[in-house]
Amino acid sequence: MKPDVIRHLEGESLGRFPVWMMRQAGRYLQTYRDIRKENSFWEMVSRPEVAARVSLLPLEVLDVDAVIFFSDILTLPYGLGVPVELHEGVGPVLPAPLRSENDFATFESFDPSTHTKFVGDALTRIREGLHPSKALFGFAGAPWTVASYLIEGRSSREFRHLLGWMQKDPQGLARVLQTLAEATTRYLEYQIRSGAHAVQLFDTWASVLPLNFYEQYYLPIVNGVFEKLAPLGVPRIYYFKQAAHLAPAVAKLRADVLSVDSNLTLPEWSQLFEGRFSLQGNLDPTTLLLDEATVRAKTRELVQQAGTLAKPAILNLGHGILKDVPVANAKAFVDEARQLWV
């Protein structure tokens, strides 16, 4: 028996749209906060029993159709031994940023079954705890977005080191991105072998990519990841936000699903890509901070929009769920989405 999300993407009618939320195993859940008090973030990620427990938390209160395993887009470099610190209110911080091609040579030796065995163990545990109708999603950070943290040393508004490298030596930066892409491919292959039904590539900072660099250098790199995953037969999802300017290049991706933000409606995104992809999204995360009646009304609008698309859609948010969202509102979104038959 295949999970509902997978059957839906393959064209089988469920009579409704599947739904889940990015960051659904997060700080808006009291149980998550309780577990976090007892563990550092990297302990939660690297201890399979804890990561599996946290990944499954949403199913205790929400009838979501998919579970995304609890991890981070920088887990791959962390597993390799690259120092990555998590600072409250700041995010990831690298005390020693990587700013030369030689600095990235360590990624050539990345072996997911050795360096991130805890990921495979967590995925196996999650699959054991999932009902067959529920899907397990794996994920990784996309090469550009991971590089942005590794090169800048932290989240940035200016990206001066990354964009400076791109302007001075675009071919050198492209070689670094290719090295990261090859490691990411091995990482996602390992996740699929460990039980993931689908994988999502998060390119959160694609918004700062110029279109010409994306088309000339980055598109072949990302497509290389998707093409190597194709024989494994699972849906490949690409997430990007605030980057509609990249549409001419993104339209050429070999992904199966685009996970899109809330800046356009689903029909507008579909039109932009001429209906080439299934779409995932895209309720504004701030909607879940409003009253429950508004959450339900906006969810109904989203379902109506999804119903106009030529390809199957997955309902989600335009970005991760916010930490202050009332659980009742998250539940209202999921419940409303699931009970609206199409």
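If you go through segment 233-271 and pick out every residue that is under 23 Å from ILE73 (Cα atoms), touching a strand residue (DSSP E or B) at 6+ places or on another chain (Cβ under 9 Å) and among the aliphatic types (A, V, I, L, M), you end up with 10.
If the condition is being of a type in the set (Gly, Ala, Ser) and either more than 22 Å from LEU80 (Cα to Cα) or crowded, with 16+ Cβ neighbours inside 10 Å (or both), then segment 148-161 contributes SER148, GLY153, SER156.
For segment 11-22, filtering for residues that are surrounded by fewer than 17 Cβ atoms within 10 Å (Cβ to Cβ) and either touching a residue at least 12 places away in the same chain (Cβ under 8 Å) or not in a loop (DSSP other than H, G, I, E, B) (or both) leaves 2. Checked against (1) over 18 Å from TYR149 (Cβ atoms); (2) part of a helix (DSSP H, G or I), VAL199 passes all but condition (2).
Taken over segment 252-267, the criterion of being out of contact with any Leu (no Cβ under 8 Å at 6 or more places or on another chain) and over 20 Å from VAL19 (Cα atoms) is satisfied by ARG254 alone.
Across segment 121-138, the qualifying residues are those that are in a helix (DSSP H, G or I), surrounded by fewer than 22 Cβ atoms within 10 Å (Cβ to Cβ) and touching a helix residue (DSSP H, G or I) at 6+ places or on another chain (Cβ under 6 Å), and the one among them that is modelled with the lowest pLDDT is GLY129. Among residues of segment 317-336 that are on the phi > 0 side of the Ramachandran plot and among the aromatic types (Phe, Trp, Tyr), none has a Cβ under 7 angstrom from a residue that is part of a loop (DSSP other than H, G, I, E, B) and surrounded by fewer than 16 Cβ atoms within 10 Å (Cβ to Cβ) at a sequence gap of 6+ or on a separate chain.
Scan segment 105-120 for residues that are more than 23 Å from TYR239 (Cβ to Cβ), surrounded by 15 or more Cβ atoms within 10 Å (Cβ to Cβ) and in contact (Cβ under 8 Å) with a residue 60 or more places away in the chain and the total you get is 1.
ASP103 falls short on exactly one of the conditions (1) of a type in the set (Asp, Glu); (2) at pLDDT below 95; (3) in contact with a helix residue (DSSP H, G or I) (Cβ under 9 Å, 6 or more places away or on another chain), and that condition is (2). Of the helices (runs of 4 or more DSSP H) lying entirely inside segment 204-288, not one is found with 1 or more residues being in contact with a Cys (Cβ under 9 Å, 6 or more places away or on another chain). The set of residues in segment 214-236 that are in contact with a Phe, Trp or Tyr (Cβ under 8 Å, 6 or more places away or on another chain) and either of a type in the set (Val, Ile, Thr) or over 11 Å from LEU188 (Cα atoms) (or both) comprises TYR218, VAL222. Here GLY141, GLY164 are screened, and the one residue that is touching a residue at least 60 places away in the same chain (Cβ under 8 Å) and either under 16 Å from the mean Cα position of the chain (by Cα) or surrounded by fewer than 24 Cβ atoms within 10 Å (Cβ to Cβ) (or both) is GLY141. Considering each residue of segment 179-187 in turn, none proves to be out of contact with any Pro (no Cβ under 9 Å at 6 or more places or on another chain), modelled with pLDDT of 95 or more, among the basic types (Lys, Arg) and in a helix (DSSP H, G or I).
The values are calculated or read from the model by the stated rules, or taken from the named source; none is laboratory data. Here the structure is a predicted model, which is why all the values come from computation and not from measurement. In this analysis, Cβ positions are derived from the backbone assuming ideal geometry, glycine residues included, and neighbour counts consider all displayed protein chains.
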